[in-house]
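Here is the structure we will look at, set down as structure tokens.
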Ligand SMILES: Nc1ncnc2c1ncn2[C@@H]1O[C@H](COP(=O)(O)OP(=O)(O)O)[C@@H](O)[C@H]1O
Ligand SMILES: [Mg+2]
């Protein structure tokens, strides 16, 4: 059984960045395998992971439909689909990457799609962890690309409006009947650290352990929003300039310094959630 972690949030909040940090941290776990699943049609997780992609599931489905699923070699459709998927899996150092690409919208439940979905689901079970980078609309999740999610991590900017968007995404996931075991909020790009006092308020009813390291000053309205929407904060990630430099220099997440604040904060979050 794999542990499936889906990262969601509105555009630009840092989903892809946090996904790549999670992948980097998880692959450092001994004897664990990681599948990164890029489910954002505007896929760019591969860039942060420092690998080139060989194709997307969207392209495979299109080709499959164009050929009418007719196969010359006498192989069964199922075998072709499995082989095709394996062809487009990118092998990175310690992880594999599968890119969904563009789909035909939430309404498409055609046979080809279903066949691919079946094998993507089966494939996921081969890994210890699946880390899924989603788009804001959760299209792939809504099309049940993946059956269920163990951890839904909703990324938000540090604003009350951002928290409201995060809440809407949580609602959307519930409305779509996506089975989610646990869902958490992560505040990203925080300028200052949270104050201990506020953290104490935040964790009043939620025992996520010690949030000491994230501390200094935060707008009180932020805390109120989180509480009003009954969201559970898994932790915060500060605005980390080293991430910006990484991007400007065309480097990937594996070039990030071990001491980078964001990397260590994501590590703390994963520990707090017992994921590592
Ligand atoms: N904690 C952070 N500190 C500094 N920059 C960040 C941080 N998180 C994300 N960014 C930057 O914000 C931009 C958007 O991030 P990205 O991960 O692409 O968002 P999304 O995938 O949600 O659209 C990128 O330029 C990224 O480098
Ligand atoms: Mg992204």
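Coordinate-derived values only; no laboratory data. For clarity, every value in this text was computed on a predicted model and none was experimentally measured. Heads up, the Cβs are rebuilt from the backbone with ideal geometry, glycines too, and the neighbour counts pull from every protein chain shown.
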Notebook entry, point to check: Simple spin-label model, 7 Å along Cα-to-Cβ: residue 191 to residue 52 in nm?
Noted result: 4.2
Next item on the list: Output the peptides 7-16, 158-167 sorted from most to least packed, where packing is the average of other Cβ atoms within 10 Å over each peptide's residues.
Entry: 7-16, 158-167
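Residue 261 to residue 30: extension gain in nm, 0.36 nm per residue of separation minus the Cα-Cα distance?
Result for the pair: 80.9 nm of gain on full extension.
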Note to self: What distance in nm separates the two pseudo spin-label positions at residue 230 and residue 271, each 7 Å out from Cα along the beta-carbon direction?
What the structure shows: 3.2
Next item on the list: Using only the Cα atoms, work out Rg/Rh for the range 224-276, with Rh taken as the Kirkwood radius, to two decimals.
Entry: 1.10
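Taking neighbour counts of Cβ atoms within 10 Å as a proxy for exposure, in what order, fewest first, do 43, 262 appear?
Numbers: 43 20, 262 23.
With the fewest neighbours first, 43, 262 line up as 43, 262.
If r is the Cβ-Cβ distance from residue 114 to residue 179 and R0 is 25 Å, what FRET efficiency results, to the nearest 0.05? Don't jump to the answer; show the numbers that get you there.
Numbers: r = 18 Å, r/R0 = 0.73.
It comes out at approximately 0.85.
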Next item on the list: Would you please put 221-227, 82-88 in order of how densely packed they are, using the mean number of other Cβ atoms within 10 angstrom per residue and starting with the highest?
Entry: 221-227, 82-88
